[in-house]
Ligand SMILES: Nc1nc2c(ncn2[C@@H]2O[C@H](COP(=O)(O)OP(=O)(O)OP(=O)(O)O)[C@@H](O)[C@H]2O)c(=O)[nH]1
Ligand SMILES: [Mg+2]
């Protein structure tokens, strides 16, 4: 039976990885996890290679240095797509390793895929704010960014900068990943925007987001700056036909 692939970019997340991986398998026992690691100097590669599940349900894609979250996801998606040809997966899930995205929510993201969605977005903000332990300025930045994206692009989603998503593998594989150049928040927005433009059936699922308890944030001013100019750049690609602009239609 096909199982989901969980693609996770990692950079200095060893403190979180034992708990993260165990919690993924507790939530979805058949899940396969691909860590895309950018030469973390904290022993991540050695830990993965010594893991009893290494190359069974825990995989490692090693890169030479810190090349950015966006390109880590692109490399991970391409790796999974290639493997999908011989060993099909039922879904591709992307999420952070720092436990801000609760592995227990993975089944909630997979359910709408089974019901026909092409992309499922976890949302912190639909029906109220569900973010714990964030300083107010970080929350306001995230809420403001979401409003900015909706306003400039017309995408109707409540949390367009979120990084916890589930894709129908065939849809993801059909995307031209070479046209994606953004990183950080802009990467999250751009991939959703591409799917929305193609008329994918996109659903939102509420999650609770908890600030990281261990490890160090890789958020930077550069990532925020990039998102600000990338959004109007994306909007210039246009909008989908009116029949799909609510994000609920499929192609
Ligand atoms: N491979 C790779 N992973 C990265 C890179 N930058 C960040 N990550 C990973 O991407 C995920 C998200 O990064 P975070 O630092 O948690 O970013 P954030 O969630 O916006 O920031 P915080 O809320 O402060 O944690 C984590 O799993 C990181 O380890 C990178 O350049 N390469
Ligand atoms: Mg984080």
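With the contact rule set at Cα under 8 Å and sequence spacing of 6 or more, what percent relative contact order holds for segment 53-167? Intermediate values should be presented prior to the final figure.
Details: 77 pairs, mean separation 38.5, N = 115.
It comes to 33 percent, rounded to a whole number.
Antiparallel versus total DSSP beta bridges in the chain: what percent is that, nearest 5?
If we restrict to bridges inside the chain, about 25 percent are antiparallel.
Express the relative contact order of the chain as a whole percentage, based on alpha carbon pairs under 8 Å and six or more residues apart in sequence.
In percent, rounded to a whole number, it is 23.
In percent, how large is the relative contact order of segment 1-121, given Cα pairs closer than 8 Å and 6 or more residues apart? Don't skip to the answer; put the middle values down first.
Values: 180 pairs, mean separation 45.8, N = 121.
It rounds to 38 percent for segment 1-121.
Suppose the chain between residue 63 and residue 181 were pulled fully straight at 0.36 nm per residue; how much longer would it get relative to their current alpha carbon spacing?
40.7 nm
Would you calculate the separation in nanometres between label points at residue 30 and residue 56, each defined as 7 Å from the Cα along the Cα-to-beta-carbon direction?
1.7 nm
Please work out the Kirkwood hydrodynamic radius for segment 58-168, using every pair of different C-alpha atoms, and report it in angstroms with one decimal place.
15.9 Å
Given C-alpha coordinates of the chain, what is the ratio Rg to Rh with the Kirkwood estimate of Rh? Mind showing how you got there, number by number?
Values: Rg = 17.1 Å, Rh = 18.3 Å.
Radius of gyration over Kirkwood radius for the chain works out to 0.93.
Which value, in Å³ per residue, describes the convex hull spanned by the Cα atoms of segment 25-115?
Considering the Cα atoms of segment 25-115, their hull volume per residue is 115 Å³.
Using a simple spin-label model with points 7 Å from Cα along the Cα→Cβ vector, what separation in nm is obtained for residue 174 and residue 224?
The modelled label-to-label distance comes out at 3.8 nm.
So what's the angle, to the nearest 10 degrees on a 0 to 90 scale, between helix 184-197 and the longest Cα principal axis of the chain?
With rounding to tens, the tilt is 60 degrees.
Tell me the angle of helix 136-153 to the major Cα principal axis of the chain, expressed in degrees between 0 and 90 and rounded to the nearest ten.
Roughly 50 degrees between the two axes.
Hey, how many Å between the Cα centroid of segment 191-230 and the Cα centroid of segment 116-155?
Their Cα centres are 8 Å away from one another.
Tell me the label-point distance for the pair residue 198, residue 104, using the 7 Å Cα-to-Cβ offset, in nm and rounded to one decimal.
About 3.4 nm, to one decimal.
None of the figures in this text is laboratory data; all of them are computed from the coordinates on show. Remember, it's a predicted structure, so these values are computed and weren't measured experimentally. Please note: Cβ atoms are built from the backbone with ideal geometry, for glycine as well, and neighbour counts cover all protein chains shown.
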